[in-house]
Amino acid sequence: MKVLNTVIALFLLNLFVMPVSSAEEAIVNVAKVANNSNTTLTDGEFDQRGYFTVRPDFRKCLFPLCGGYFVKAVNRTLTPCPDGSLKAECYIASLNNREKLNLSSAVLLQGVIRAKNYGEFGNLGIFLVKAAFSAATQAIGDGTFVGLENNGIVCITTPCFSVDQYLLNKNKIRMISGIDLQGVGTTDVVLNTALSIMANDGVLIASGSNQQVEEMAGKGLTFVANQLYLPIKDSVK
């Protein structure tokens, strides 16, 4: 019994001397989510700007009036087009793919839209590609587009707000307590690839929505994904 009491005492002592990074930060994160608050991101390493869905233009007419791409800024109602107008999506005549990424499967691009004149056809724009992503399945992702990153917080109970959620094309970040990828409907291989991105301190891009869930020590916040976007690394040979 004396040994048991000693073990219990040491366990309780460890709870009270938990490092700030795992105890105080966890309390702060719980408070932020409980208050449904977003925090402005000022100097994070992950660049949330310049994310666009992209689809080829299969219309049959003379290039460059047709045959380019339609791009749409995610998490935005309107997209700024090359001519300065705001539309639901913009027609772009060409892509500047300096990294020579294989864009045949790309459905999400990171980059910027620039004006470009095509002689007598006028300003039909160009998209400067910084990064490209393919979808895990053929389904069209919808809802909120986010980046998901482990923040290093370790907890002794749930909910544990151990994931930073970056809202793409916004300067906002919030902490969530879980990620549900089952609704994507992809293979275990793809799911493991997605999870390995986060396990290796990377940011996983996904679309879906947040849902409150009842957990052991209170309400948590889980991101339920309907699509995953994996980075395209291979180049056109």
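Shown is the FRET efficiency for Arg98 and Cys66, computed with R0 = 30 Å from the Cβ-Cβ distance and rounded to the nearest 0.05: 0.75.
Among Thr137, Thr187, Thr77, sorting on how many other beta-carbon atoms sit within 10 Å of each Cβ, with the fewest leading, yields Thr77, Thr187, Thr137.
Just flag the chymotrypsin sites (Phe, Trp or Tyr not before Pro) in the stretch 56-109 sitting in loop per DSSP whose Cβ has no more than 10 other Cβ atoms within 10 Å. All intermediate terms of the calculation are to be shown ahead of the outcome.
Working: sites: Phe58, Tyr69, Phe70, Tyr91; in loops: Phe58.
Here the chymotrypsin sites (Phe, Trp or Tyr not before Pro) that fit, given the DSSP loop and packing criteria, are Phe58.
Placing +1 on each Lys and Arg Cβ and -1 on each Asp and Glu Cβ, with no other charges, gives the stretch 51-133 a dipole about its Cα centre of roughly 140 debye.
Structural size metrics of the stretch 51-133, computed from C-alpha coordinates, are Rg and Dmax of 12.0, 34 Å. Here the label points at Asn200 and Glu45, each 7 Å from Cα along the C-beta direction, are separated by 1.4 nm in the simple model.
Values quoted throughout were computed directly from the atomic coordinates according to the rules given, and no laboratory measurement underlies them. Since the model is a prediction, treat every value here as computed from it, not as a measurement. FYI the Cβ positions are ideal-geometry reconstructions off the backbone, even for glycines, and counts take in every protein chain you see.
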